[in-house]
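Everything on this sheet refers to the single structure shown next.
The values are calculated or read from the model by the stated rules, or taken from the named source; none is laboratory data. Predicted, not measured: the structure shown is a model, and the values here were computed from it. No Cβ is skipped: glycine too gets one built from the backbone with ideal geometry, and neighbour counts run over all protein chains shown. For accessibility, only protein heavy atoms count, side chains too; no ligands or nucleic acids. Shrake-Rupley method; radii C 1.70, N 1.55, O 1.52, S 1.80 Å.
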Amino acid sequence: MASGQRPLGLRITGPAELTLQRSDGSEQALHPLWLRERCTDAASIDLKTRQRLQDPSDFDPELKLLAVSQPAAGIFRVRFSDGHEASFEAAAILAEAALAPAGHDCPAAKLWDGKLSPLPRMRWCAEPGDAQLESWLESFLELGFVILEGVPAEPGMVLKVGAQFGFVRETNFGALFNVRSTPEATDLAYTSVALDPHTDNPYRTPVPGIQLLHCLVNETSGGLSTLVDGFAVAQALRASHREAFNVLASTPVRFCYTDADTELTASAPPIALDASGELAAIHFSPRLDFVPLLPPERLEAYYRARRLFDARLRAADFEIRFLLGNGDLVMFDNTRLLHGRTGFDPAEGLRHLQGCYIDLDGPRSLYRVLRRRASGTPAVRRSA
Ligand code: OGA
Ligand code: ZN
């Protein structure tokens, strides 16, 4: 929601009309069904779980307000045409009216390019206080990543850090995966070649939301980590080459992974949009993408668009590069950022990272819990 449209107040605009006023001067009479769904009395919801007791599809589709009054400051009393009466707190309705897209109550994404400075490097600790945890989360939610320094360079620590933010998602690689060059590599990540910007595992459903990479040891002079804000690149493409952007947002690409016991395949557009046309996710991995056999002109358009997008993803003006030293850990949003690494010479020494995935909603949930704790609001117990 644009900041000029903040819900400001509620006012009674007729014998049976309650109207929301916005900061840009616009007004909207509240829909009776919208209000009816938000009744929080014991007849409407189970007070323990806060879940609704009636299926709102069963409410009268022609439901009307019969009367609206204001018995006290900040409280409105409403009588509905189905005989139900309920009180509403103005503050609760205003907060609810401000909740447009999911997640808006967390820090908004701040898109960045190769000039991002300083990088969000923060000291890790095993038992962070709320303020410290919140600063890690703010950086992660705004920039899509955070670098935590001083995580003991011990095998398995990446799982401990992952568990501080959410639930580790196990895959066919295990709860954690080792990134080091081996002769039996089943993935190019497990060799010493440079990895161009990519998102991990677009062949899974759902795609891993967040990746953590923890450096146990890097004795080589190469193997620098790279990150690109895919949303910033997609936004720039949308501004300069609208047609190419639309092609990438509407072409489902098949991604595959195969080894002896696994055959994963999933289809997704390189630039996925949400229902309001906003950027939702990037799926990009040039080593494992296969566009279906579309009509020739659509294939032509797709290849042109992918070349443009990839050129920008690899351009120095969007990329940041940094060394993950022993004990450094980077946690990034795998649906927004692309990551990679420069090549290295395994003859120089060892390079060993451990990685794991967690779901995207963990840090957001934790952020809200911390905010709730800071404001002293009691928890509301909810289940599935
Ligand atoms: C990976 C990967 C980066 C690195 O394992 O998916 O991208 O720094 N690794 O080795
Ligand atoms: Zn990767």
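Structure above, values below:
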| quantity | calculated |
| --- | --- |
| Positive-pole candidate from Phe80, Leu20, Pro292, dipole of the chain, charges at beta carbon | Leu20 |
| Relative contact order %, segment 192-312, counting alpha carbon pairs below 8 Å whose residues are six or more apart | 29 percent |
| Segment 7-98 - percent of accessible surface contributed by carbon and sulfur, probe 1.4 Å | 49 percent |
| Average Cα contact separation per residue, the chain, under 8 Å, 6 or more apart, as relative contact order % | 22 percent |
| Calculated SAXS-style log₁₀ I(q)/I(0) at q = 0.24, 0.26 Å⁻¹ - segment 7-98, Debye, Cα scatterers | -1.35, -1.49 |
| The chain: Cα Rg divided by the 2.2 N^0.38 Å rule of thumb | 1.18 |
| Rounded Å value of the spacing that divides the Cα centres of segment 222-236 and segment 104-157 | 17 Å |
| Whole-number accessible area per residue in Å² for segment 7-98, which is evaluated in the context of all protein chains at 1.4 Å | 55 Å² |
| Added length on full extension, which subtracts the Cα-Cα distance from 0.36 nm per residue, Ser375 to Ala95 | 99.3 nm |
| Reachable aspartates and glutamates, given that their alpha-carbon falls under 16 Å from the alpha-carbon of Lys110 and they are not under 8 places away in the same chain | Glu138, Glu142, Asp229, Glu278, Glu319, Asp333 |
| Candidate residues His283, His214: accessible-area rank, largest first, probe 1.4 Å | His283, His214 |
| Accessible area in the full protein assembly, largest first, 1.4 Å probe, for Phe231, Phe145 | Phe231, Phe145 |
| Net length gained if the chain between Thr40 and Ser240 were fully extended (0.36 nm per residue, minus Cα distance) | 67.2 nm |
| Label zone at Leu299 (point 7 Å along Cα-to-Cβ), backbone N below 16 Å, segment 253-268 | 253-254 |
